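Here's the structure, in structure tokens; my notes come after.
The values are calculated or read from the model by the stated rules, or taken from the named source; none is laboratory data. Remember, it's a predicted structure, so these values are computed and weren't measured experimentally. Reconstructed Cβ throughout: ideal geometry from the backbone, glycine too, with neighbour counts over all protein chains shown. These area figures cover heavy atoms from the full protein model, side chains too; ligands, DNA and RNA do not enter into them. Shrake-Rupley method; radii C 1.70, N 1.55, O 1.52, S 1.80 Å.
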Amino acid sequence: MRSAPSVSFPVGRSRFAGALALLLWCCGMLLALRALAAASSIGWREAAMLAAALAAGAIALGEWLRSPQGRLSFDGQGWHWIDARAGRLGRIAVMLDLQQRMLVRFVGAGDGRGALWLWLDQSAAPERWHEFRSAAHARTVRASVGV
């Protein structure tokens, strides 16, 4: 059996993830505005609903602006996340594969930090996309990663 190829792939702020969050927020905001229009009077409940919808949009925007940026690499044995702070050894799980975009979850090996949710876009490195997807879907030996 042939092992997955070694590959390094850049991870940045995903326009697709931003557009998806914006679309979901707009749907929620439209529902809130429709509920406000249907209300006979605007009281504290309606104000709280509108405030919650606006807060959800602000939180979504903030999280998108703080999206992890770095490099996800596979060396044939395990996965590495490298960003401006440091590198981490771990494993990934493909949560959603849309052919040209992927949502992966990176979990560091025993470092106590939370998981990273990373949106990867083919356009970031089209020449490496096939190799990256092959490695992401390949079974890796967990013992070598220590997870």
Could you please tell me the mean projected area of the C-alpha convex hull for the chain, averaged over all directions and given in square nanometres to one decimal?
10.9 nm²
From Cα pairs below 8 angstrom and at least 6 apart in sequence, can you work out the relative contact order of the range 61-106, rounded to a whole percent?
22 percent
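As a test of the formula, what do you get for the chain when each DSSP H run with n ≥ 4 contributes -39,500 (n - 2.57) and the sum is divided by the residue count, at 222 nm and rounded to the nearest 500 deg cm²/dmol?
-13000 deg cm²/dmol
State, as an integer percentage, the relative contact order of the range 1-129 based on alpha-carbon contacts under 8 Å between residues 6 or more apart. Present the calculation step by step, with values, prior to reporting the outcome.
Working: 177 pairs, mean separation 36.7, N = 129.
That works out to 28 percent.
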Taking every alpha carbon pair in the range 1-63, what does the distance histogram look like in 5 angstrom bins from 0, in percent?
4, 15, 19, 15, 11, 9, 7, 6, 5, 4, 3, 2, 1, 0
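Full-extension gain between LEU31 and ARG91, please, as 0.36 nm times their residue separation minus the C-alpha to C-alpha distance.
On the way: separation 60, 0.36 × 60 = 21.60 nm, distance 3.90 nm.
Gain in length upon complete extension: 17.7 nm.
Whole number in Å², please: accessible area per residue of the chain, 1.4 Å probe, ligands, DNA and RNA not counted.
Values: 9310 Å² over 147 residues.
Accessible area per residue: 63 Å².
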Cα-based helix-to-principal-axis angle, 44-65 vs the chain, degrees rounded to 10
30 degrees
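Based on the Cβ-Cβ distance from ARG105 to ALA52, what FRET efficiency comes out when R0 is 22 Å, to the nearest 0.05?
Numbers: r = 27 Å, r/R0 = 1.24.
That gives a FRET efficiency of 0.20.
Where a ≥ b ≥ c are the square roots of the eigenvalues of the C-alpha gyration tensor, would you call the range 29-70 rounded, which needs a/c under 1.5, or, failing that, prolate if a/b is larger than b/c, or oblate?
On the way: a/c = 7.74, a/b = 3.21, b/c = 2.41.
The shape class here is prolate.
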At 1.4 Å probe size, with the rest of the protein present, what percent of the exposed accessible area of the chain is carbon and sulfur atoms?
59 percent
